[in-house]
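First comes the structure, then the notes that go with it.
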Amino acid sequence: MTLRLDRRTVLKSAAATIALPWLDAMGWAGEPGSGPAAPPARFVSMNFGLGVPLPPPGHAHRDAWSWFPTRTGRDYVLSEIHRSLAPFRDRMTFISGTDHRLARPGGGHGGTAVWLTGAEFLGKNTISIDSLIADRTAQEVFLPSLVLTGSSRSGSTIAPPARTFDARGQAVPAQCDPRKTFELLFGRDAKSIERQRAQIAREHSVIDFNLRQAKELHAQLGSADRQRLDQHLEAIRDTEKNLKRAESWLDKPRPTVDAKIDPWPSGTSTCKDRTQLERYFANHIETIALAFATDSSRTAQFTMQPEVNHNEHISTLCGVLDTHGLSHDSGNPDYYKNWGIWCQCMSDQVGLLAKRLSELKEGDGTVLDNTIILFGSQTSDVHWSQNYPTLVIGGEKLGLKHGRHLRYPDGNFGNVLATLLTCYGINEPQFAHADGKITELLAV
Amino acid sequence: MRRSYFLVAFVAILALVATTAAGEPAADLATYRQHVKPLLDRTCVECHSAKVQKGNFRVDNLDPDIVHGKTLHGWEEVLNKTQVLEMPPPKHAIQPTSDERQKLLSWLRQELRLAAKVHSSTGGQGAMRRLTRTEYVQSMKDLLGVTIVDFGQGFPEENRNRETGFANDSREMSFNTTHLAVLLDRARAGLAEALVTGGKPPGLKATLKPAPGRNNNDGEVRKHRTNDVLVETVFDLPIKVPWHEEPQLNGSITLLDGAIVLPRVFRDMIGSGAVMGGGVRWHMGAYKVIPRIGELRVVAKVSGRPDGDQIPNLRVDIGRAENESPHQFVGQALVTSATPTEIEFRMPWQLLALPDHGHVIFIRQTEPDLLMDPLATPAMEARYLPDQKKKTTKLNPILLLHEATVEIPYYASWPPPSHVAIVGNDSVDDAEGVKRILARFMQRAWRRPPTSAEVETFLDFHQRMRAHFPGPIETLRETLANVLINPNFVYFTEPVRDGAERTPLNAWALASRLSFGLTGTLPDPVLHDACAKGVLISDAGLRHEAERLLADPCSDRFLLGFADAYLGLHALDNVNINPEFFTAVEPGLLKEAMRDEARHFVATVFRKNLPSASLINADFLVVDRRMARQYGIPLVPGNDFVAVPEAGSGRQGGILHLSAVHLMNSTGEHSHPIKRAVWFRRNLLDQPPGDPPPAVPSVPEDFSGLSLTQRLIAHRNKDACRDCHASIDPYGLPFERYDPTGLPRNEARSRYFVFDMSGGRHTVWTGQAIECTSTLPDGTAVNGLDDLRKYLGSAAKERFDHSLVNRLASYLLGRTMEFSDQSLLDDVAKRWTAAGGGTRDLVIALVLSPLFRTR
C-alpha cells in the first residue's frame, strides 16, 4: 500500500502546502512497495442543529427542498440542498426513520448531547462513537480526536458546542477557531527540543501546584459546591494529560505544513456574510483534510451550528431568518425553501470535505475510501427528535456499500452507529442501545 | 408552573395550589381525578395498559404526581403525541372532544413545568458560580491596571439560561481545559504588561505642524516637508531607521489661518488607495525594532467652528499603508472650542500587528454618528448631506488641526503605574518583600485576606520557580499568574453550611456579591476597608456602600448590563435590517444605535430613581444623535445619550416603544406579532408561553394570499395550535402599527418578484392594511400599542412589578429564582414599596434583603 505522493510532493490546496519527508517513518506510506500496513481508518461526523425541511407530499417544494430524497432505494434523486454532493451520489447512503429512543423526551433541542452516544436524555452521558474510535489508536497519532465547532459559546451539559464525549461522559472541549487547531497540529516551536522539554517540565510543576491548591479548597466546600469544583479539577487533570502527550511527541517526527494563514474568521460571530461564513467553514474543513492527510488525527467531529443558544444568527448570513426562526416560520410560503437554503449551506460544507478527501491520493485509492463521513442532526422536522437526518459518505475500503436511500420507520439510530463501529473492527453490538445492524450498509 | 395561560387563570392557579414546607407547590391531583383520569381511561387505556401495550407504551402506570413521581418521560410522551393530534389515532373510533383535549394539555403543561422547577431546586443556595467572561475581563483590567491586553481572547461566551435569557446563570456555566488554558495564558499576557523590567523601552516621537515655506530636509532631527507641513521625528532607537520608515504625509493639505483644514469625510473607500476623502494621512513605518508593548499615543491640537447644529467631530483611525485604508478605530471627540485644545487618543501598540507594512494614522473630520462603513450606500450618505433639491443651506462646520504628535510606545511614567501598584516599595529580591507583594495581590484578587499559610504556599512556589526564569520579576509574573487561575479568584467561593437552609454571607463574600453586582468588577479599596472594619454587614454600612457604588460611573456596567438582560437585547443579534425594505437607513449602524437606546432608557429610569411605571410610560425619550436622526427630531449635542421630552417628538417614551424591541422581534423585513407577544409575556410578565410543540403542523400553501393577521387566525383555528395561540397572538397584534425599524406605519409592506420575457427580475411592492386590535385573554379590548401600554400600567402592573423584582434578583444573584425564594422576593417587594417605590430604591431594597445577604 502506498501513498501516491513522491517524497516532497506538494499537496495542492487552497490554503496550504504540505511537505512530506516524514512519510518514511510512517510504515504504510513510504516509498512505493515499502509499506506493508493498510492506510489508517478515519471517521468524521459533521452536524448541525434545529432540523431540516421535509415538505409533506404534494407540497410544491417537496422535490426541490426536501432534505431526505423523496424516493427510497437506488433511484433516489438529490434535492437542491445536496447539490454539492452530486458527484458522490453513488458513494453515499441516506438513512431515514431512525432516532435514539431514549433521547426523545428531550425533543430536538435537548437531544444534542447524545447524538453520538445514544445515552438517556438527562441521564449521565456516555462515550461517543468518535471517542471510541479515536481511543483505539490514540497512541499512534499526534491528536487522536479533532473536536471543532462553529459556536463561540462554552455550552452547558445538555447544550454542548460539539458532540464528542469522553469515556467519563464529559463533553470534550471544542475549538471554534480554525487557526488554533492548525497551530496545534502543525505549529512549529522555534525553540530547541531541550528548551521545549524544559518548558513542559515547568508547566508540569505549575499544573501540579494548582491541582494541590484546588484539592485543598475542595475539601473545605459543601457538597453542592464540590460538584462544581470537580469540573475544575478534571480540567486540571486533563491539562496534565495533554502535557504528557505533548512531551511524548517531542522526539517523534511531525509533518511540515507550510500554510499561508491569512486572517481567517476566527468564529462565526466575526463573519459578516455568506462568503466569509463559507470561508470560515472551509478553513475548518481544510484543517481536517490536512490532519487526515498527514495522519495527525484519525477522527474529527465538526458541529457547524449546535442548536438553540449557540450562534443562531449564522443562517442570516445566507439571507434567511435565524436558524430557530427558520424552523418555525411555517406561515411563510417559502418556508421550506428558505430553510433549505440554509441546509444547503451546511451540505455544501460536507460536499467540500468529501471533495477534498477524494482528491488526496492514498495507496491505490483516496483518503475518502478510508474515511467514513457521518452527516446529520438530532432533529428532523421542527424540533421533532425522531427521524434523524442521516447521510453516510465514503469508507468503501472500510466495508461500506453505497448508492441508496434506506428507510427504517421507527428505526434505531444506535444501529447505524454500531454498524459503523464494525468498520473499525470494534464489536460493540449494544453501543448506543443498538439492537441490530444495518446490514444493507455493509459490503459483505 | 406552566404559565402558558392567561393572567386570570394563572393567578387562580397560584392561589389554589397548596404549598409544601419548602415553599414548593404540590401536584394538582384534583384536576387529574376530575378530568384527566376519566379521559385516559376512555380513550387511551384500551391500547396502552398491562394487557395491550401498543408502541411498548402504557398510560395506566403513569404516576399522577408528575412532580414527585418517576414517570416524567412517559407524561412528556403523552403531551407530545396528544398536542399534534397523533394520539388517539385519527382513525380510532373514540376521540376526545376539543375541550377535553385542551384540559388534558393544560394540566400536563402546568405539571411538567412545575416538575422541571422542583427538580432543579437548590433550596435557594444556587450552584457556586465562576466569573462570567465579562466579569473576568473587567476584573483583570482593574486588578492589573492594564487596559491594552484583550483579556477576553479565547474565553468562550456563556450559554444563556433558556428561561430568563441571562448569560450569568450559575447553572449554565461550565469549566474545562479551554477555560484553564485561557485563564493561564491571559494572566501571563496581562502580567507581562503590568510588571516591567529594565528601563523605558525605545521608541519614537513625531510631530506634525503647518510650516509654510520651502522644502528644507536636513539636520539632526529628521524632517519631511509636504505641502507646507513639516513633520519632525525624534527617534530613540538602537538602530537607524531607514528613510522609507520615517513618518511623512501623503496627499494634499489645505491651510487656513495657519492651521490644517480637516474637511468632512463621509465614508471610506477600501482598496482603491486613490480616493480617501480629505484629512491627514500620516504614514509611519512598521518599526519592527520597537517592542510590541505599551500604547500608541496621538495628541491632536485642534480648534473647531460649529455651523448650526453641526459640531465638528475629530476622529482618529489607524490603517494599513499598502492600501491606505483605515481599519482600526482609535477614538473621536466633538470639538467646540475655538481656541486650540489638545485631545489625546491612545490604543495598544501591539494590536497593530502589521509587520510587513507600515501604518497610516488618519486624522479626520467625520460625522460623529457615522460608522465609516465602506459598504455605505448613497442613500445613507444622502441623510447626512444637505438636500440639494430643497436648496437648504449647506452647513459647513470647520475643524482645524494646529499640531499633532505621535508617540510609540507611550508611557506616562516609568515604571508604569501598574507595576508600582503591584510591587509598591517592596523588594522583589527577598522573601519578606515578595510575601508582602503576594499578600496584597492575593487579597485583591481573591476578595478576602489570604491566610498566612496561603501566602507561604505561594512564596514556596515562587522560590521553586525562580530557577526556571531569568529574573525575579519574570518569576513574580508567573507566581501571580497562578494566583489568577486559582479557584479563589475564578469562583464566588461563598462558604455555605451543608444542610443549612440559608447561611448568612460573611462580609468578604457579601462585598464580592455587591461589587460584581453593582459595578461588574472586584471590590475596590473602600469596600475592602468596610469589610476589614466590620461595618459592611450592618444595614447602615451595606446601604452606604450600595449607594456609593450606584453613584459611581462604574455602575453603568450594572445598569446597562441589566437592561440588556431584562429586555433580552441579545435577540438583536439574530436580526438584520434588510436595506431593500428600509432604504433610508444604514442597517448595522442603526441596529447598534437602537440597542444602545434601549439600554440607556432603562438605565436612565434607574438613575433618576423613577418608579417602575416610568419603564412602561415615560414622558421622555433617551436618544443620541443617531436615534434623534432616525426619529426625525432635533439633534442632541455631543455623542452621548440624553433624555429629551416626549412632547413634540412624535414618539412615546417607555419600553414598549423602543425601536430595539420592534426590531429584535421581527424578521428584519416584516414585523412578527408572535415574537413580539412572546417577548411581552416572557420578559415583562414572566409568563413565557410554552415552546411550540415538535412537528407543529405546517401552514398550507393556500394561506399565502392572506394577510398576516388572517394567516394567524387560520393557524390559530387548527386544533393543535388554538390552545397556545389564543393566549399569545393578542399581545403581539397591538404592536403592528410599528414596522421592524420601530417607525410608525400605515401599511405593512411586502414584495414579490415578476420575471419578464428576457428573464429580468422586477420587484413589485404591495402594502397591506394594518390590524392592531385584539382582545386579551382576560377580555380587555386593545387597540394599538398605547392601549397595551395602558393595560401593562394598570391591570398587569402588579405582574410587571413582580417580574421586574424577580429578574433583578436573578441578575444580581446569578441564578434563576426558585419556589423557595418566593417569600424572600415578596419581602423585597414590601421593602421596595416602603422605601418609596423608585427603581433605584428597588436595587437598594434587594441588596438589603435576606435574599441577597444569605446563601
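The values are calculated or read from the model by the stated rules, or taken from the named source; none is laboratory data. Note that the coordinates shown come from a computational prediction; the quantities given were computed from them, not determined experimentally. A quick note on method: Cβ atoms are made from the backbone with ideal geometry, for glycine too, and the neighbour counts reach across all protein chains shown. The protein model used for the area step is the full one, side chains on, heavy atoms only, and it has no ligands, DNA or RNA in it. Shrake-Rupley method; radii C 1.70, N 1.55, O 1.52, S 1.80 Å.
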> Which Cα, out of A:SER330, A:GLY97, A:ALA60, lies furthest along the positive dipole direction of chain A (beta carbon charges, K/R +1, D/E -1)?
Replying inline: A:GLY97
> Given a Förster distance of 60 angstrom, what is the FRET efficiency for A:ALA246 paired with B:ALA647, based on the Cβ-Cβ distance and rounded to 0.05?
Replying inline: 0.30
>> Please compute the average number of Cβ atoms from other chains found within 10 Å of each residue's Cβ in peptide A:209-219.
In response: 4
>> Charges at C-beta only: +1 for Lys and Arg, -1 for Asp and Glu. How large is the resulting dipole of the range A:186-255 about its Cα centre, in Debye rounded to 20?
In response: 280
> With θ set to phi - 60° and the Karplus curve 6.51 cos²θ - 1.76 cosθ + 1.60, what are the ³J(HN,Hα) couplings of the range B:816-822 in order, to the nearest whole Hz, using x for Gly and Pro?
Replying inline: 6, 6, 10, 4, 5, 8, 4
> How many partner chain Cβ atoms sit within 10 Å of a residue's Cβ in peptide A:227-237, on average, as a whole number?
Replying inline: 5
> Which distance in nm do the two modelled labels at B:GLU592 and B:GLN463 give, with both placed 7 Å along the Cα-to-Cβ direction?
Replying inline: 5.3
> Working out 0.36 nm times the residue gap between B:VAL754 and B:HIS544, then minus their Cα-Cα distance, what length gain in nm do you get to one decimal?
Replying inline: 68.8 nm
> Put a dot 7 Å past each Cα toward the Cβ at B:ARG33 and A:LYS124; how far apart are the dots in nm?
Replying inline: 4.0
>> If the only charges are +1 at each Lys and Arg Cβ and -1 at each Asp and Glu Cβ, what is the size of the charge dipole of the protein assembly as shown around the Cα centre, to the nearest 20 debye?
In response: 340
> Put simply, what bits of the range B:661-683 lose 20 Å² or more of accessible area when the other protein chains are there, versus the chain on its own (1.4 Å probe)?
Replying inline: B:THR667, B:LYS675
> What residue among A:TRP342, A:TRP115, A:TRP249 has the largest mean-square fluctuation in a Gaussian network model of chain A, using Cα springs under 10 Å?
Replying inline: A:TRP249
> A:THR98's amide H: which non-local residues (gap 5+, or another chain) put their own amide H closer than 5 Å, with H modeled 1.01 Å from N in plane and none for Pro or chain starts?
Replying inline: A:ASN387, A:TYR388, A:TYR408, A:GLY411
> Looking at the range B:115-143, which residues lose a minimum of 40 Å² of accessible area between their chain alone and all protein chains in place, measuring with a 1.4 Å probe and not counting ligands or nucleic acids?
Replying inline: B:MET128
> How many angstrom lie between the C-alpha centres of the range A:167-181 and the range B:613-682?
Replying inline: 41
> Dipole of chain A, Cα-centred, from +1 at each Lys and Arg C-beta and -1 at each Asp and Glu C-beta, to the nearest 20 debye?
Replying inline: 420
> Can you give the accessible area buried between chains A and B, summed over both chains, with a 1.4 Å probe, in Å² to the nearest 100?
Replying inline: 5400
> Accessible area per residue, 1.4 Å probe, Å², for the protein assembly as shown: what's the number?
Replying inline: 39
>> Antiparallel versus total DSSP beta bridges in the protein assembly as shown: what percent is that, nearest 5?
In response: 80
> Once amide H atoms are built 1.01 Å from N in the peptide plane, which residues 5 or more positions from B:ARG815, or in another chain, come under 5 Å H to H?
Replying inline: B:SER170
> Taking θ as phi - 60°, what are the ³J(HN,Hα) couplings along the range A:195-204 by the Karplus curve (6.51, -1.76, 1.60), each to the nearest whole Hz, with x for Gly and Pro?
Replying inline: 5, 5, 5, 5, 5, 5, 4, 5, 4, 4
>> Using amide H atoms built in the peptide plane, which far-off residues or other-chain residues are under 5 Å from B:ALA618 H to H?
In response: B:GLY653, B:GLY654
> Can you give me the Cα centroid spacing of the range A:64-141 and the range A:199-269 in angstrom?
Replying inline: 31
> Taking a 1.4 Å probe, which of B:ARG162, B:ARG133, B:ARG305 shows the most accessible area, and what order do the others take after it?
Replying inline: B:ARG162, B:ARG305, B:ARG133
>> Given points 7 Å out from each Cα along the Cα-Cβ axis, report the B:THR97 to A:GLU359 separation in nanometres with one decimal.
In response: 6.8
> Which percentage, to the nearest 5, of the DSSP beta bridges contained in chain A is antiparallel?
Replying inline: 40
> Tell me, how many Å apart are the Cα centres for the range B:746-779 and for the range B:474-535?
Replying inline: 56
> Which one of A:GLN199, B:LEU39, B:LEU400 has its Cα pushed farthest toward the positive end of the charge dipole of the protein assembly as shown, where Lys and Arg give +1 and Asp and Glu give -1 at the Cβ?
Replying inline: B:LEU39
> Tell me, what HN-Hα J-couplings in whole Hz come from the Karplus equation 6.51 cos²θ - 1.76 cosθ + 1.60 at θ = phi - 60° for each residue of the range B:73-78, using x for Gly and Pro?
Replying inline: 5, x, 5, 4, 5, 4
> By the scheme Lys and Arg +1, Asp and Glu -1, what is the net charge of all other residues having a beta-carbon under 12 Å from that of B:VAL423?
Replying inline: +1
>> Counting only other residues whose beta carbon sits under 13 Å from that of B:VAL642, what net charge do I get with K and R as +1, D and E as -1?
In response: 0
> Rounded to a whole number, what % of the accessible area of chain A do carbon and sulfur atoms account for, probe 1.4 Å?
Replying inline: 51
